[in-house]
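K.L.:
If you scroll down you'll find the structure; I have some questions about it.
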Amino acid sequence: MYTLASMAEAIPVVALVGTAVVAVVAIVIVNLRMMMSSRAMEQTRREIAAYVAEGTISPEEAERLLKAGPAKARQGGCC
């Protein structure tokens, strides 16, 4: 049976393990977000290249679209 003294010793261990779990989950989420963002950007580049190849848009317009970048970068926001 657990006593109050043994429970008090477990609290710091649970706190450390909980903090480590939260940190690992946060790192995984940030990396997944970055991966999804770069994958979407690459897909956009491929689509623009396909439009240029089929003649739907001009190479100059494609270059302008690629230089425009993400909306966040143009607005100067961080999040």
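Any read-out appearing in this document is the output of simple, stated calculations on the displayed coordinates, not a laboratory observation. These numbers were taken from a predicted model, which means no experiment stands behind them. Note that we place each Cβ from the backbone using ideal geometry, even for glycine, and neighbour counts take in every protein chain shown.
K.L.:
Residue by residue through the range 53-70, note down the ones that are small (Gly, Ala, Ser) and assigned to a helix (DSSP H, G or I).
P.N.:
Ala53, Ala62, Ala68
K.L.:
Filter the range 1-28 down to the residues that are loosely packed, with under 10 Cβ neighbours inside 10 Å and among the β-branched types (Val, Ile, Thr), then identify the one that is farthest from the chain's Cα centre (by Cα).
P.N.:
Thr3
K.L.:
Just to be sure, is Arg39 free of Cβ contacts under 8 Å to residues at least 12 places away in the same chain, basic (Lys, Arg) and within 20 Å of Lys67 (Cα to Cα)?
P.N.:
Yes: the conditions hold for Arg39.
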